Amino acid sequence: MAEKTPQAEPDQLPGAPHPRERDVLFGHAEAERAFLDAYGSGRMHHAWLIGGPEGIGKATLAYRVAKFVLERGGRPPEQASSLDVPEGSRAARQVAALSHPGLFVLRRVPATEKKAASTTIPVDEVRRGLQLFASTAADAGYRVCIVDDAEDLIPASANALLKMVEEPPPRSLFLIVSHAPQRVLPTIRSRCRKLLLRPLADDALARVIRSLPDPIGTAPDDALATAIGAADGSARRAVALLDPERARTLQAVEGLLAALPGVDWRKVVALADRLARRGAEQDLEIVLETVERWAAGVISARAGEGARRLAPLVEVCEKSARAAADADTYNLDRRPLVLTLFGDLAEAVRATR
């Protein structure tokens, strides 16, 4: 019997290693240095909010930080030139296997044979994880909690996390990954040191892709250049666009946007049917990201006209994001979402003329 292909975890890009398994981070030397300086000073803040667009390396940085501090155990802080840990380090292996006793990761629960992956981080999971901070680390080292990502916390989960972030035990470290830091619970945000990661430059993005296993890492140069050009500095988006089917989806959406306020409903229906298929969740993400990118470009180019005049475009993007979240949470048909999106976009463009 053929072996089953391992299913990607909820916080993992299909076909790529999980961030906790990565040994390198490209394009964020400044962010690494900020953490190293804080650690070496002996006055490291206990909670860090690592923000920035999706797919640029935030989780990879969080896991690198966790490996770094856990590998050092209870040794006094010292200056270091990088977050690298010795090859084959026990702490690194344990973090990669999620078996280190000083680490707990708050994330969506992966799927099992009997149950689908969760779409949020439940409060019971937060309470279970925070038990780690009720005891002293065996080696007098750090206890680390990674939240990946904050947008998946429901209100009860965020409030449970807040209690520990407000009054942390000594040598506690919270690394909170967020794609939209401004939406994080204000009381959590105010207790964190902010570390904002910027979208990756094209050369760093190319190095990320080339470091991945086949077939992603050996993509033809022309396909890679096209994907990077449409990725907005996100490795996740670039990898997705290396898939020919997703690249065609991108081209279809760009064509529909270019024709607004006119709408070719035959093409919109074809796109809706494509996005309604099982396993097309990431295709829908590409569509919504492309629409947001297009709307941001229109708003930037016409900024002098005032926010009120351009507000309809912002409202459409926000409405479609909420509808997509509901479709994901309640497993709804994605066809109505796509049809409504392009109808609303056409109306918004007419309203802004």
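The values are calculated or read from the model by the stated rules, or taken from the named source; none is laboratory data. On a predicted model such as this, the values are computed, not experimentally measured, just so you know. Neighbour counts are summed over all protein chains in view; Cβ atoms, including those assigned to glycine, are modelled from backbone coordinates with ideal geometry. Heads up: the accessible areas ignore ligands, DNA and RNA and are worked out on the full protein's heavy atoms, side chains in. Shrake-Rupley method; radii C 1.70, N 1.55, O 1.52, S 1.80 Å.
Hull surface divided by four, with the convex hull built on the Cα atoms of segment 136-281: how many nm²?
Taking the Cα atoms of segment 136-281, their convex hull projects to 13.4 nm² on average.
Quote the relative contact order of segment 191-319 in percent (integer), defining contacts as alpha-carbon pairs under 8 Å separated by 6+ residues.
Over segment 191-319, the number comes to 17 percent.
How big is the charge dipole of segment 245-353 about its Cα centre, in debye rounded to the nearest 20, if each Lys and Arg gets +1 on its Cβ and each Asp and Glu gets -1 on its Cβ?
320
May I ask for the percentage of alpha-carbon pairs in segment 86-169 that lie more than 18 Å from each other?
Here the long-distance tail beyond 18 Å is 49 percent of all Cα pairs in segment 86-169.
Dimensions of segment 146-230 along principal axes (Cα, Å, largest first)?
51, 26, 21
With the crude spin-label approximation of a point 7 Å out along Cα→Cβ, what separation in nm comes out for Arg353 versus Ala180?
3.0
How big, in percent, is the set of alpha carbon pairs in segment 256-308 lying more than 19 Å apart?
Distances greater than 19 Å cover 42 percent of the Cα pairs.
So which residue, out of Gly255, Gly57, Gly73, gets the largest mean-square fluctuation from a GNM of the chain using Cα contacts under 10 Å as springs?
Between Gly255, Gly57, Gly73, it is Gly255 that shows the largest mean-square fluctuation.
Hey, with R₀ at 41 Å, roughly what FRET efficiency would Asp214 and Asp124 work out to, going by the Cβ-Cβ distance, to 0.05?
Efficiency, from the Cβ-Cβ distance: 0.55.
Cut-off 10 angstrom, C-alpha nodes, Gaussian network model of the chain. Which of Ser211, Ser135, Ser178 fluctuates the most?
For the chain, modelled as a Gaussian network with Cα springs under 10 Å, the answer is Ser135.
Please compare each pair in Lys163/Lys319; Lys58/Lys163; Lys115/Lys163; Lys163/Lys194 to a cut-off of 26 Å on the Cα-Cα distance and tell me which ones are over it.
Lys163/Lys319; Lys115/Lys163
Using a 1.4 Å probe over the heavy atoms of the protein chains, calculate the carbon and sulfur portion of the accessible area of the chain as a whole percent.
So the carbon and sulfur contribution to the accessible surface is 52 percent.
Taking springs between alpha-carbon atoms closer than 10 angstrom, which of Ala303, Ala47, Ala272 fluctuates most in the Gaussian network model of the chain?
Top of the fluctuation ranking is Ala303.
List the equivalent ellipsoid semi-axes of segment 34-108 in whole Å, largest first, each obtained as the square root of 5λ for an eigenvalue λ of the Cα gyration tensor.
Semi-axes (√(5λ), whole Å): 19, 17, 12.
Please give the Cα centre distance for segment 138-188 versus segment 260-311, rounded to the nearest Å.
A separation of 33 Å, based on Cα centres.
Quick check on the chain: what are the equivalent-ellipsoid semi-axes from the Cα gyration tensor, as sqrt(5λ), descending, whole Å?
Result for the chain: semi-axes of 37, 23, 21 Å.
Could you list the trypsin sites (Lys or Arg not before Pro) in segment 47-153 that lie in coil according to DSSP, counting only those with at most 15 other Cβ atoms within 10 Å of their Cβ?
Listed in order of number, the matching sites are Lys114, Lys115.
With the dipole of the chain worked out from charges on the C-beta (+1 for Lys and Arg, -1 for Asp and Glu) around the Cα centre, which of Ser178, Thr120, Ser135 lies farthest toward the positive end?
Farthest towards the positive pole: Ser135.
I'd like to check one number: the per residue accessible area of segment 160-227, probe 1.4 Å, reported in Å² as a whole number.
54
How far apart, in nm, are two points set 7 Å out from the Cα along the Cα-to-Cβ line at Ser300 and at Arg93?
With each label point 7 Å from Cα toward Cβ, the separation is 4.7 nm.
Where does the longest stretch of the chain lie that holds no GluC sites (Glu not before Pro) found in a DSSP loop with 12 or fewer other Cβ atoms within 10 Å?
114-353
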